[in-house]
1. Check region 127-141 and report whether any residue there is of a type in the set (A, V, I, L, M, F, W, C), closer than 20 Å to residue 68 by Cα and surrounded by fewer than 16 Cβ atoms within 10 Å (Cβ to Cβ).
2. For region 108-119, name all the residues that are among the aliphatic types (A, V, I, L, M) and surrounded by fewer than 16 Cβ atoms within 10 Å (Cβ to Cβ).
3. Taking the stated definitions as given, is residue 92 within 23 Å of residue 131 (Cα to Cα) and within 17 Å of the chain's Cα centre (by Cα)?
4. So which residues in region 66-83 are outside any loop (DSSP other than H, G, I, E, B) and either over 12 Å from the mean Cα position of the chain (by Cα) or surrounded by 17 or more Cβ atoms within 10 Å (Cβ to Cβ) (or both)?
5. Would you pick out the residues in region 53-98 that are in contact (Cβ under 8 Å) with a residue 60 or more places away in the chain and closer than 16 Å to residue 115 by Cα?
6. Could you list, in sequence order, all residues of region 84-107 that are touching a Leu at 6+ places or on another chain (Cβ under 9 Å), surrounded by fewer than 21 Cβ atoms within 10 Å (Cβ to Cβ) and assigned to a strand (DSSP E or B)?
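Nothing in this text is a laboratory measurement; each read-out follows from the coordinates by a stated rule. Small disclaimer: the values here were computed from a predicted structure and weren't measured. Here the Cβ is made from the backbone with ideal geometry for all residues, glycine too, and neighbour counts use every protein chain on show.
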Amino acid sequence: MSASSTFLASNLFVIAALIAPAMAADAPKLQPLKFSKDCSNYSGETPSFCTLVESNLKEIPVGTKVLYYGPVTNSPLFTSSSVVLAVGPGDSAIGYCIVYDTATPPTGHCAFSAGSGSLAGFQAILNVTVDDKKIWHWEGGYLLGAAPK
């Protein structure tokens, strides 16, 4: 390695070491989020929907529709879909879910990146599971009102 490459690598390491703690300190803390949803009305058509039957977030109450817009909503193996949490007029959040439906038990993840109205700045990352009663559970963390920079 040349002297200039060594110098550059050393400086990059020092800069990274100095800014990494500042970046970590600025990272917002996710709040716990838990939803349960009934998907007995899910058809695989676009849009298909489920209905929240449990929520620990008042801005996304029980009864909220979870709308699935695809592109893959009726595969025998998995679901890969844009998702909208439709709370009410002007209040919604958008995200994306991918679920391995034929795993034992089915499992997946959903990530939400934006919201409107009372959900402006909504961001979340959630693990997806299902119980033996066919109730789907989303658990993870969220931020509200912290729009991406």
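1. First pass over region 127-141, keeping only residues of a type in the set (A, V, I, L, M, F, W, C): 128, 130, 135-136, 138.
Filter again for closer than 20 Å to residue 68 by Cα, leaving 128, 130, 135-136, 138.
After this cut, where a residue has to be surrounded by fewer than 16 Cβ atoms within 10 Å (Cβ to Cβ) as well, the list is none.
No - not one qualifying residue is present in region 127-141.
2. Step one: of region 108-119, the residues among the aliphatic types (A, V, I, L, M) are 111, 114, 119.
Those that are among the aliphatic types (A, V, I, L, M) and surrounded by fewer than 16 Cβ atoms within 10 Å (Cβ to Cβ): 111, 114.
3. Numbers: within 23 Å of residue 131 (Cα to Cα): no; within 17 Å of the chain's Cα centre (by Cα): yes.
Spelling it out, it is not the case that residue 92 is within 23 Å of residue 131 (Cα to Cα) and within 17 Å of the chain's Cα centre (by Cα).
4. At the first step, the residues of region 66-83 found to be outside any loop (DSSP other than H, G, I, E, B) are 66-72, 78-83.
Across region 66-83, the qualifying residues are 66, 67, 68, 69, 70, 71, 72, 78, 79, 80, 81, 83.
5. Scanning region 53-98 gives 57, 59.
6. Here is the first cut: in region 84-107, the ones touching a Leu at 6+ places or on another chain (Cβ under 9 Å) are 84-87, 91-95, 97, 100-102.
Subsequent filtering for residues that are surrounded by fewer than 21 Cβ atoms within 10 Å (Cβ to Cβ) retains 84, 86, 91, 94, 97, 100-102.
Listed by number, the residues that qualify are 84, 86, 91, 94, 97, 100.
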